[in-house]
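I'd like to ask some things about the structure below.
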Amino acid sequence: MSVTVVRDPLFESHDPGPGHPESPARFHAICAALDAAAEDGLVIDGLTARPAVDDELARVHDREYLARLAAVAGQHHRLDADTATSPRSVEAAHLAAGGTIDLAVGVAEGRLRPGIAVVRPPGHHALADRAMGFCLINNVAVAARALIAAGGAERVAIYDWDVHHGNGTQAIFLDDPNVLYMSTHQFPYYPGTGSAREVGVGAAEGATVNVPLAAGANDELLLEVSKEVLLPKIRSFRPDMILISAGFDPFIDDPLGGFEVTEHGFEELSKRWRDAAESVCDGRIAAVLEGGYDLPGLAACVRGLTEAWDT
């Protein structure tokens, strides 16, 4: 068996600046870990990323925002207090979105094995009309909309296990009954959204599930939440595809989070969601990288996910 991995050297070219936690070293550390796993016997099917086109991005993002991004391509530019571009950042963001689309669609169609898009910049804070929280384009949202547009899925479920709430993804799908957004995250914490009262609106009420957790949440707690809250929701929603917004900043040593999830915890979480996909949607599951800023922990946890899914 094997696991699909999207990666491209361009993802290392996005550089928000000296001292920024979302640094090119993240990509380098993950690639080194995956190369070591391959030497140890993990079978990796590489998927070449291609840039998403504006029509794909416009299913999620306002065209005016996409034009503003295009205008800063090739430049060092600060989009907000936390989010900056370097000369190839916009190019990398388009490649990240396109690679995530092709992974998701390929898995949904049965052409690709489940796997992870190891992409930068991350995406889950990006809103329809602006960048936010290190994120330029909302990769998981663009992939979900592409799946539905291509006929690869009628219903898509997204589980965001990043320590920070994916406010952008939630906002994009808040009124969409065909996309189930679920999140476990530290609360109260950046970006300030994600209370349990945020459940979707109109016909999509109940299609947003937030499980805010206090600092100190550990392996046992995240696994229990999946078992008792999230996986029953998945079984009742019956998605055609599961996407994981895979942020690894809940890791116990992460400098930007207060959770205490271990490498073993992430591996077990990955196994449970892979098993859930097998039982609910014929194994159709894919992940996209979000946060994770302790380099050894990030690398080990991504490797653990790929090994857990190599079944």
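Tell me, yes or no, whether the stretch 141-155 has at least one residue that is surrounded by 24 or more Cβ atoms within 10 Å (Cβ to Cβ) and free of Cβ contacts under 8 Å to residues at least 60 places away in the same chain.
no
Now a separate question. Those residues that are open to solvent by 10 Å² or more (accessible area, probe 1.4 Å) and either touching a strand residue (DSSP E or B) at 6+ places or on another chain (Cβ under 9 Å) or of a type in the set (A, V, I, L, M, F, W, C) (or both), I need them from the stretch 1-22; list them, please.
Within the stretch 1-22, the first condition is being open to solvent by 10 Å² or more (accessible area, probe 1.4 Å), and the residues that meet it are 1-2, 7-10, 12-13, 15-21.
Once the filter is applied, which keeps residues that are open to solvent by 10 Å² or more (accessible area, probe 1.4 Å) and either touching a strand residue (DSSP E or B) at 6+ places or on another chain (Cβ under 9 Å) or of a type in the set (A, V, I, L, M, F, W, C) (or both), the stretch 1-22 yields Met1, Ser2, Arg7, Leu10, Asp15, Pro16, Gly17, His20.
While we're here: Suppose we filter the stretch 188-210 for residues that are more than 23 Å from Leu147 (Cβ to Cβ), open to solvent by less than 20 Å² (accessible area, probe 1.4 Å) and either in a helix (DSSP H, G or I) or not hydroxyl-bearing (Ser, Thr, Tyr) (or both); how many remain?
1
So, one more: Against the conditions (1) open to solvent by 50 Å² or more (accessible area, probe 1.4 Å); (2) over 18 Å from the mean Cα position of the chain (by Cα), where does Asp219 fall short? Just the number, please.
In the conditions (1) open to solvent by 50 Å² or more (accessible area, probe 1.4 Å); (2) over 18 Å from the mean Cα position of the chain (by Cα), Asp219 misses (1) alone.
In the set Leu305, Leu289, which member is touching a Phe, Trp or Tyr at 6+ places or on another chain (Cβ under 7 Å), aliphatic (A, V, I, L, M) and under 22 Å from His165 (Cα atoms)?
Leu305
Out of all the residues in the stretch 241-282, which are within 21 Å of Leu34 (Cβ to Cβ), of a type outside the set (Asp, Glu) and not in a helix (DSSP H, G or I)?
Leu243, Ile244, Ser245, Ala246, Gly247, Phe248, Pro250, Phe251, Val261, Thr262
Can I ask one more? Residues to consider are Ala144, Ala108, Ala149; find the one that is touching a Gly at 6+ places or on another chain (Cβ under 9 Å) and on the phi < 0 side of the Ramachandran plot. Walk me through it before giving the result.
Values: Ala144 fails: touching a Gly at 6+ places or on another chain (Cβ under 9 Å); Ala149 fails: touching a Gly at 6+ places or on another chain (Cβ under 9 Å).
The match here is Ala108.
I want to confirm something. Restricting to the stretch 226-237 and keeping residues that are buried (at least 18 other Cβ atoms within 10 Å of the Cβ) and in contact with a strand residue (DSSP E or B) (Cβ under 9 Å, 6 or more places away or on another chain), which single residue is farthest from Val288 (Cα to Cα)?
Only one residue fits best here, namely Phe237.
Right, next: Yes or no: Ala144 over 16 Å from Asp62 (Cα atoms) and of a type in the set (A, V, I, L, M, F, W, C)?
Yes; evaluated as a whole, the condition is true for this residue.
Could you identify the single residue in Ala96, Ala73, Ala108 that is farther than 17 Å from Thr4 by Cα and either modelled with pLDDT of 95 or more or out of contact with any strand residue (DSSP E or B) (no Cβ under 6 Å at 6 or more places or on another chain) (or both)? Can you show your working first?
Values: Ala96 fails: farther than 17 Å from Thr4 by Cα; Ala108 fails: farther than 17 Å from Thr4 by Cα.
When all the criteria are applied, what remains is Ala73.
Look through His164, His185 and report the one residue that is assigned to a loop (DSSP other than H, G, I, E, B), under 15 Å from the mean Cα position of the chain (by Cα) and either hydroxyl-bearing (Ser, Thr, Tyr) or within 17 Å of Gly258 (Cβ to Cβ) (or both).
After ruling out the rest, the residue left standing is His164.
What residue, of Asp240, Asp253, Asp275, is acidic (Asp, Glu), farther than 17 Å from Val225 by Cβ and open to solvent by 50 Å² or more (accessible area, probe 1.4 Å)?
Criteria check complete, one pass: Asp253.
The values are calculated or read from the model by the stated rules, or taken from the named source; none is laboratory data. Please read all numbers here as calculations on a predicted model, not as lab measurements. Counting neighbours? That spans all protein chains shown, and the Cβs are built from the backbone with ideal geometry, glycine included. Note: accessible area is taken over every heavy atom of the protein model, side chains too, but ligands, DNA and RNA are not part of it. Shrake-Rupley method; radii C 1.70, N 1.55, O 1.52, S 1.80 Å.
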